[in-house]
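Chemist: My structure is below; once you've seen it, I'll send some questions.
The values are calculated or read from the model by the stated rules, or taken from the named source; none is laboratory data. Predicted model only: the values in this text are computed from it and were never measured. No Cβ is skipped: glycine too gets one built from the backbone with ideal geometry, and neighbour counts run over all protein chains shown. Each accessible area value is taken on the protein alone, full model and side chains, heavy atoms only, with ligands, DNA and RNA left out. Shrake-Rupley method; radii C 1.70, N 1.55, O 1.52, S 1.80 Å.
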Amino acid sequence: MPRISEDTKRRNQAAIRAAMDRLLAGDLPPGGKCDLKTLAAEAGVSRTAFYPKKDRDGSVRPGPYQHLGEEFERRLRALQEAGEVVDPRAAQIERLKTQVAELKERVARRDADLAELAAFKTLALSRLAAQHDEITRLREQAENAGNVRRLPASRNSTAPYGSCS
């Protein structure tokens, strides 16, 4: 692959710096992120130009625009540490992660509440069944004993004063 001329390299660097400023200002293209891939696409250069290269003898040399890629990542990290939101999608992802965590916590609490209510329901039903069995047993015992007399029904249909019924 032929080497690029110094003039082309200067123009590409200027295009990269302009694209870098736009991206870091939050002017992201549709479907783009604030990353090296989008920076390369916006500047019209190959993304591989931001990474180190290996020569045939195995030695490593810096990519033609590697220093600009490192500058971009450094500036991006500084903005993020300062609390600025450069990529609204990243902020949305963080907000959604927080919301998912809160919803998981709510679901866990609801599951615990439902388990507690199910245990209470089982206990209440078993107590009601035991009380019903006891009432049935006492009624049978009262009928068999013969010493229990029924009270006469009241003459008027209203309950006496202080009655629980």
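Chemist: What percent do you get for the relative contact order of the stretch 1-157 when only Cα pairs under 8 Å and 6+ apart count?
Modeler: Relative contact order comes out at 16 percent.
Chemist: While we're looking at this one, here's another question. Length gain on complete extension for the stretch A82 to V60, per 0.36 nm per residue less the alpha carbon to alpha carbon distance?
Modeler: So the chain would gain 4.5 nm between A82 and V60.
Chemist: Still on this structure: Which lysines does K53 reach when only Cα atoms under 18 Å apart count, and residues fewer than 8 places away in its own chain are ignored?
Modeler: Answer for K53, where 18 Å is the Cα cut-off: K9, K37, listed by chain and number.
Chemist: Report, by chain and number, residues whose modeled amide H sits under 5 Å from the one on K53, excluding near sequence neighbours (fewer than 5 apart, same chain).
Modeler: R61, G63
Chemist: Separate question: Could you tell me the calculated FRET efficiency between K104 and K37, based on Cβ-Cβ distance and R0 = 35 angstrom, to the nearest 0.05?
Modeler: 0.65
Chemist: With each run of n ≥ 4 DSSP H residues scored as -39500 (n - 2.57), what mean residue ellipticity at 222 nm is computed for the chain after dividing by its residue count and rounding to the nearest 500 deg cm²/dmol?
Modeler: -21500 deg cm²/dmol
Chemist: What distance in nm lies between label points placed 7 Å from Cα along the C-beta direction at L96 and D7?
Modeler: 4.8
Chemist: Right, next: Suppose R0 equals 41 Å. What FRET efficiency, 1/(1 + (r/R0)^6) with r the Cβ-Cβ distance, do S46 and D113 give to the nearest 0.05?
Modeler: 0.10
Chemist: Under 17 Å from a label point 7 Å along Cα→Cβ of R127: give me every residue in the stretch 74-118 with its amide N that close.
Modeler: Answer for this model: 116-118.
Chemist: Rank by packing, highest mean first: peptides 17-29, 112-124, with packing defined as the count of other Cβ atoms within 10 Å averaged across residues.
Modeler: 17-29, 112-124
Chemist: Counting only protein heavy atoms, what percent of the accessible surface of the chain is carbon or sulfur at a 1.4 Å probe?
Modeler: Looking at the chain in its full context, I get 54 percent from C and S.
Chemist: Could I ask something else about it? Using only the alpha carbons, work out the radius of gyration and Dmax of the chain in angstrom.
Modeler: Spelled out, the Cα radius of gyration and Dmax of the chain are 40.1, 120 Å.
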